[in-house]
Amino acid sequence: MKIFKVSNSLEGGKVAFDLLKEKLAAGAQTLGLATGSSPIEFYKQIVASDLDFSDIRSINLDEYVGLSPENDQSYDYFMRQHLFNAKPFKETFLPNGLAEDLEAETKRYDSLIETYPIDLQILGIGRNGHIGFNEPGTPFDAKTQVVDLAENTIQANARFFERAEDVPRQALSMGISAIMSAKAIILMAYGAEKADAIYGMIHGEVTPDLPASVLQTHPEVYVIVDEAAASKLD
Ligand code: GLP
């Protein structure tokens, strides 16, 4: 893993953007994208740039079950608001959290990822070390699946919803095996509440108890952290 310590998410977004530019120049065609607060500055850099994405595909990590794309808390909405409206892509894919047959939707998503291998995967990290919505305990060989969200994830996400009962309890998440199949990965984390997860991811045992620890076994991972998130590293 290559670790970049930055002073804030703005600087981190610029580091990630430079890595993206390198990968696009080297021929990357499919980006794996993430939601959450961590990549927002990165998306701002993209939007402010003159990069053209009309030949690039994106495949997002996850989506809540039960939220329509019009719901401003859906990840579909997030991606349009922060990136796709300003930067049209050739094609953009997210899991369909409204699919009647969720199992069939997981299969559709896996075949999509097989058809379009991910050149560069963007990740945030949950406080418990989850990546995408692969919560602790998820096997490393998991494919796209319907996930029951961990209680602390539900609580962390509750800040975005008006009423506690509106917070989704389930999500569709790309599996860890798909994340690991990406040729290169950028993970961004900011803030003290990520410090334990970042420490475990880099120095801890490789274990499904901390899903992000699997990244220790990936050949090309860039970790971008601020001082608070890196505070337990040395
Ligand atoms: C959610 C998302 C993850 C994201 C995590 C951290 O659980 N499913 O993909 O990495 O939140 O979000 P944030 O970047 O807002 O801290």
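For this structure, a couple of remarks:
- Among H82, H218, sorting on how many other beta-carbon atoms sit within 10 Å of each Cβ, with the fewest leading, yields H218, H82.
- Structure-based [θ]222 nm, the chain - -39500 (n - 2.57) summed over DSSP H runs of at least 4, per residue, nearest 500: -8500 deg cm²/dmol
- Summed side-chain charge close to S213 - residues other than S213 whose Cβ falls under 13 Å, Lys, Arg +1, Asp, Glu -1: -3
- The chain: antiparallel DSSP beta bridges as a percent of all, rounded to 5: 25 percent
- A simple spin-label model places the labels of S111 and D209 3.9 nm from each other, with each point 7 Å out along Cα-to-Cβ.
- Relative to the compact-globule estimate of 2.2 N^0.38 Å, the Cα radius of gyration of segment 129-234 comes out at 1.09.
- Inter-part distance where segment 122-153 and segment 176-228 are each reduced to a Cα centre, Å: 12 Å
- Of the trypsin sites (Lys or Arg not before Pro) in segment 154-212, the ones in a loop by DSSP (not H, G, I, E or B) with at most 11 other beta carbons within 10 Å are R159, R163.
- Dipole magnitude of segment 119-234 about its Cα centre (Cβ charges: Lys, Arg +1; Asp, Glu -1), debye to nearest 20: 180 debye
- Relative exposure of Y64, Y190, judged by other C-beta atoms within 10 Å (fewest first): Y190, Y64
- Loop-located GluC sites (Glu not before Pro) across segment 117-188 with a Cβ neighbour count of 12 or fewer within 10 Å are E162, with loop assigned by DSSP.
- Global form of segment 19-86, assessed from the alpha-carbon gyration tensor, a/c cut-off 1.5: prolate
- Only the Cβ atoms of Lys and Arg (+1) and of Asp and Glu (-1) were treated as charged; on that basis the dipole of segment 1-92 about its Cα centre amounts to roughly 340 debye.
- When +1 charges are put on Lys and Arg Cβ atoms and -1 charges on Asp and Glu Cβ atoms, the dipole computed for the chain relative to its Cα centre reaches about 580 debye.
- Along principal axes, Cα extents of the chain, largest first, whole Å: 47, 39, 35
No value in this document is a laboratory result; all are computed from the given coordinates. Note that the coordinates shown come from a computational prediction; the quantities given were computed from them, not determined experimentally. Virtual Cβ from ideal backbone geometry, glycine too; neighbours counted across all protein chains shown.
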